[in-house]
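Derivation of every value follows stated rules applied to the coordinates shown; laboratory data play no part. Given the structure is predicted, the values throughout are model-derived calculations rather than measurements. Positions of Cβ are generated from backbone atoms using ideal geometry, with glycine treated the same way; all protein chains shown enter the neighbour counts.
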Amino acid sequence: MDTQTSAQQAAREHHDDDHYDVVIVGAGPSGAVTAKRLVEAGFRVAVVEQGDWPDYSKARANFPDYELTLDRHWPWNPNRDVEGHGFEFDDSASTLTPLMWNGVGGSALVWAAQWQRNLPSDFRVRTLDGVADDWQLTYEDLEPFYVRVERDFGVSGLAGDPMFPAGDGPPMPPVPIREHGRRIAKAHNELGWHWWPGTNAIASRHYEHANLKACTQRAACMRGCPERAKSSPDITHWPQSLAKGVTLILRAQVRRVLMSSQGLAEGVMYTDEHGVDRSVRGDVVVLAANGIGTPRLLLLSADARHPDGLANGSGQVGRRLMMHPLGQVIGVWDDPVGTTHGVHGQQLHSLEFYETDESRGFVRGAKWGLLPSSGPLTQTRSYPWGSENAIWGPGFQDALRGRLGHSAWWAIICEDLPEDHNRVSLHTEKRDRFGDPLASIEYKTSDNSDRMLEFHLDRAVESMQAAGARQAIRGSWIKESAFHHLGTAVMGADPATSVVDGWGRAHEVPNLFIFDGSVWPTSAGMNPTATIAALALRNTEAMIAARSGQVTAS
Amino acid sequence: MTGPFNTDQLDLLMAAAAWLMPDEGSLPSVEDAGLRETYIAQALLARPDGTPKLAEFLRLAEQDGVEEALEHCRDHRPELWEAVTTILPGAYFLSPQVRDALGYRGQTPQLIPTEGSPDYDEFLSGVLDRGPQYRPTPSQ
């Protein structure tokens, strides 16, 4: 019996008259970290999740039809409810589409598992660069929690990266660097540019602590790892948490936070898979529904006491949406460089141009991660190759041979700064199947982000050329590229300008917490899950320590 | 295996496949790869959502000709272009003859060695010699 089956059998059933210490909305990384730590501390915990368990029988990397079935079985545009993991929203006013996977494990089911801590400067953007805001904590505050979540998620990598303060590294050695990675590393040394072996939530060894098997480098990480070597909370967290007594309520759409007459949270109301309205009640409510779902739920929970939405006296709920503009530069080599396989994932990363240098014409920076290009169908796609590099027609066979096994790309994550007009709000007309307003996404990249992306694309072309690539192609831009959704319930010290305090507690509702990426004051230029998870663990421990003084509705 | 399309429709799909992936001698032609007999149908079993989109493409191809229909889809019907350029090459890459010619055996497992020197050791000194590069947390 595999761990998922065991976990499902261990799951406790919820009854509406059950009362919990903590009710969590969302079973993705932040909800998983929170539930695990709380149940270890003896809390009674219920988690409400709109989706279901992932179906690994549809992880097709060891079948010939793998590339054909990616979009069918592992979709990441939630507006395409292909297999029950959708979450409809209106992104017609956004230049980027938020991507996610809704279910047990959350968007970690379709992430590349690139695991990046933020840098110390990411927590002090206002102090160091004079823009946006500082966080309510420092890198040093979070560092011990990074170390702990790296063990729980089963991270592989190498300590000692000079771009980070010294300290403990991941529990497993890094994944192999293949020929394309070695060429890039050598080129960066010659250029005097930073690189470092990639840090990934991918097991480079069998890793019992988090139920992970050893990676077999199929380059299939983003769409169903058949080995269960890629970390996601359905594997690493939920089996243990369910065995310890967490109640996980699935296929349940949370529609409101329930509030007492005293203005305290009492639980949440949801509609179950049969269309029946139900409730789950607890002393504390934690929202872990991501940067789109959490602000929508707060806005949907408006009442007479909170006419503009729950915890929204500042007017900041839904605002400051940051989604990380993404760029790619593809290198194509004359000879084979081992790119049908490897983690996907990052073989290595570069932070050479991460820190601010205002002479470049913008503030802040971006992180690069190097990925192999995988199988033959991927070599024909308009993304990331671009329509101007379309492979069809005369020359197809040579072009295909020239790309397959010969091409890799830098994925470039640009930090975008918070702006009030980039936001999640409730749609004025469109409704979901329950009759609730859809989330409406308004988002446009700033001039600073546009200049940043241009600069980094140019430098990444130079990187590929220095590594001997015969072609260095700027990848095509596509709307469906926003895997990171941050900033829509910002933390801060002042209730007039922020939604939660530095511990995730809502200023206006002392037993309502937000533990997902919504609370980030700035977005950094890193893959965010490491920091989301570490912050959730830090804030959960604070909640546990403050248990005796916690105000509750009951 | 015939799949959802009749012989005339398969003729049009094969013409579209040959337009996208012409026979140039270094890989099997779409006919030799077995798309007509086997792999278009097999690809549609894997992606049944492609069938109605190929049917829509075929209506255009029957009306205007294959080449015109392909160019029209490329320029004006991105959802059909996406389906045609997924299902037909997807079928081509299912063919063992094509995989053999490419030397591509699929996303086969390659175990990570657990012994021996790390493959990055020879390069790391170039990075480490630069010393710390981050901006530390400012003192209050």
Out-of-range pairs (alpha-carbon distance over 22 Å; input A:186/A:230; A:430/B:53; A:444/A:479; A:58/A:213; A:58/A:244; A:36/A:230): A:186/A:230; A:430/B:53; A:58/A:244
Ranked by how many other beta carbons lie within 10 Å on average, peptides A:144-155, A:125-136 from highest: A:144-155, A:125-136
Given the convex hull of the Cα atoms of region B:78-140, what is a quarter of its surface area in nm²? 11.6
I need the per residue convex hull volume for region B:7-105, using only the alpha carbons, in cubic angstrom as a whole number. 92
Taking every DSSP beta bridge with both residues inside the protein assembly as shown, roughly what % is antiparallel (nearest 5)? 65
Rg to Rh ratio, the protein assembly as shown, alpha-carbon atoms and Kirkwood radius? 0.97
When you count, for each residue, the other Cβ atoms within 10 Å and take the mean per peptide, how do A:235-244, A:183-192 rank with the highest first? A:235-244, A:183-192
Is there a simple number for the mean count of other chain Cβ atoms within 10 Å of the Cβ of residues in A:370-380, and what is it? 3
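Go ahead and run the numbers for FRET between residue A:13 and residue B:11, Cβ-Cβ distance against an R0 of 60 Å, rounding to 0.05. Please report the intermediate quantities before stating the final value.
On the way: r = 57 Å, r/R0 = 0.95.
Given R0 = 60 Å and the Cβ-Cβ separation, E is 0.55.
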Only helices counted: for chain A, with every DSSP H run of 4 or more residues adding -39500 (n - 2.57) and the sum spread over all residues, [θ] at 222 nm is -7000 deg cm²/dmol
Packing-ranked peptide list from A:528-539, B:58-69, highest mean Cβ count within 10 angstrom first, is A:528-539, B:58-69
Inter-chain shielding of B:113-119 (mean C-beta neighbours from other protein chains, 10 Å cut-off): 3
For residues of B:26-36, the mean tally of beta carbons on other chains within 10 Å: 1
Report the local net charge at residue A:178: Lys and Arg +1, Asp and Glu -1, summed over other residues whose C-beta lies under 14 Å from its C-beta. +1
Cβ under 15 Å from residue A:513's Cβ, residue A:513 left aside: what net charge do those residues give with Lys, Arg +1 and Asp, Glu -1? -3
Under the 0.36 nm per residue contour assumption, what length would be gained going from the current alpha-carbon distance of residue A:243 and residue A:274 to full extension? 8.5 nm
